[in-house]
Amino acid sequence: MHEMSLAQSIMELVTAEAEAAGARRVNRIELEVGTLAGVMVDSLRFCLEAAGRETVAAGAELAIHEIAAIGRCPVCGAMESMAGLIASCPRCGQYLVLENGRELRVVSITVDE
Ligand SMILES: [Zn+2]
């Protein structure tokens, strides 16, 4: 499963950061996931919980923010929300260029020292 390998990479990053900071426990992990990142949030959450077991991040609160996909029209500059990777400008019909919505990143980690 795609989300499991992502969750394992995220947990490796989180536990490495926590260990570098000398933390005993990770309380909270905050993530941003674009709506076009190709990730199911519920599945990612489940996989993160599984991947975090028996690590310093076990039981950490997961705050997952979904970032709406926005495209910009290269011709008229219109900014429009995008439901898929390919969408055209409602004003001039040009294909929109994705500005955001494919991100998957750890925004912050809160630890007990
Ligand atoms: Zn346009």
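At-a-glance table
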quantity: Filter pass, residue 67 being among the hydrophobic types (A, V, I, L, M, F, W, C), more than 10 Å from the ligand (Cβ to nearest atom) and surrounded by 13 or more Cβ atoms within 10 Å (Cβ to Cβ); calculated: yes
quantity: Single residue of 107, 111 found to be in a strand (DSSP E or B) and out of contact with any helix residue (DSSP H, G or I) (no Cβ under 6 Å at 6 or more places or on another chain); calculated: 107
quantity: Residues located in the stretch 1-16, provided they are among the charged types (D, E, K, R) and crowded, with 17+ Cβ neighbours inside 10 Å; calculated: 3
quantity: Among (1) over 19 Å from the mean Cα position of the chain (by Cα); (2) outside any strand (DSSP E or B); (3) not aliphatic (A, V, I, L, M), the one test that residue 38 misses; calculated: (1)
quantity: Residue in the stretch 82-102 that is surrounded by the fewest Cβ atoms within 10 Å (Cβ to Cβ), counting only those that are closer than 22 Å to residue 41 by Cβ and within 14 Å of the ligand (Cβ to nearest atom); calculated: 99
quantity: Filter result (in contact (Cβ under 8 Å) with a residue 40 or more places away in the chain, more than 30 Å from residue 84 (Cβ to Cβ) and not polar (S, T, N, Q)) within the stretch 30-59; calculated: 52, 56, 57
quantity: Some residue of the stretch 71-81 being surrounded by 19 or more Cβ atoms within 10 Å (Cβ to Cβ), within 16 Å of the ligand (Cβ to nearest atom) and over 15 Å from the mean Cα position of the chain (by Cα); calculated: yes
quantity: Filtered residue count, the stretch 30-60, keeping only those that are under 29 Å from residue 71 (Cβ atoms) and of a type outside the set (D, E, K, R); calculated: 14
quantity: Lone qualifier among 32, 61, 49 - being modelled with pLDDT of 95 or more, within 14 Å of residue 104 (Cα to Cα), of a type outside the set (Phe, Trp, Tyr) and surrounded by fewer than 19 Cβ atoms within 10 Å (Cβ to Cβ); calculated: 32
quantity: Residue match in the stretch 17-29 (condition: surrounded by fewer than 17 Cβ atoms within 10 Å (Cβ to Cβ), at pLDDT 95 or above and under 16 Å from residue 103 (Cβ atoms)); calculated: no
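The values are calculated or read from the model by the stated rules, or taken from the named source; none is laboratory data. Only a predicted model underlies this, so the values are computations on that prediction, with no experimental measurement involved. Positions of Cβ are generated from backbone atoms using ideal geometry, with glycine treated the same way; all protein chains shown enter the neighbour counts.
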